[in-house]
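Single-structure report; data block below.
Just so it is clear, none of the values below were taken in a lab; they were calculated from the coordinates. Every value quoted in this text rests on a predicted model; they were computed, and no experiment measured them. A quick note on method: Cβ atoms are made from the backbone with ideal geometry, for glycine too, and the neighbour counts reach across all protein chains shown.
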Amino acid sequence: MELRLTNSFLGCGLWLYLVALCAIIGWCPVASVEVYTPSEVFVENGTAGLLKCTFKSNQVISSQAAVSWSYIPEGSSDSAGETIFHYAGGKGFPGTMQFNNRIEWAGDLNKKDGSIRIKNMQFSDNGTYLCDVKNPPDIGGKPSMTKLRVVKRESLPQTSPAVIVGAVIGAIIGLIIIAIVAYLLIRVMRSSRDYGGCTSIESVSIQAARPGKKAESSTDGSRCSSPSAPVQGPVIYAQLDHSGSKNSFHKMEPVVYADIRKN
């Protein structure tokens, strides 16, 4: 394993030397890779921690692209650190014994992702981690640093990704409920506003005409307001026979007058 790691470093170093020489004599331009990492990461003690690293390159990802992770222990004055993981040629090569068998590749160079995952994080893993990406001929640029804090569960910040996702989901559900309630209220208000009176068919009560009195309609107190002109149907009148004929004693002969008016 150490031999593979050494050969990988030698190959990468040789490539960097050739590209640097090419740039010095002016044969080819030197581009830089922009590397991005979060400034600070909190991980619960005893769990796996993901160290994110993304990069931007103007060149197509080549087979010579490589990612190197270095570690500076907390309180150390070393500015470069020691290499703990190297990824090149589709394979990962672990470095120091402190992280032996605990680091695994979690990125995808084709997606410009150079992340790693460290299992079983311990308090002794606190420190600064540096991610460096080379994609020849893009070899310039500086490593990006992230501060790792291994803490107990109760010391985890409340703004963890799980809390943020839960808050976003709760807000979305609340907005949906508010929208549904508002829609129902608007429908109820429109229904009550559009209702202008009775919706049943106008009924006419028939009363027997008495001498000296007009027949009164019972619909006077229950008039319906309608936007359209009223349609008057047949009006039925009842006529009593007041002749003195015996044959017509207490006989009521209905007479129907049809009064149909057009709108």
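For Gly141, neighbours were defined as the other residues whose beta-carbon sits under 14 Å from its Cβ, and their charges (Lys and Arg +1, Asp and Glu -1) total +1. Which residue, chosen from Gly49, Val67, Ile118, occupies the Cα position most advanced towards the positive end of the dipole of the range 42-124, where the dipole is computed from +1 (Lys, Arg) and -1 (Asp, Glu) charges on Cβ about the Cα centre? Of the listed residues, the answer is Val67. Net charge of the neighbourhood of Ser70, taken over other residues with C-beta under 15 Å away and scored Lys/Arg +1, Asp/Glu -1, is -2.
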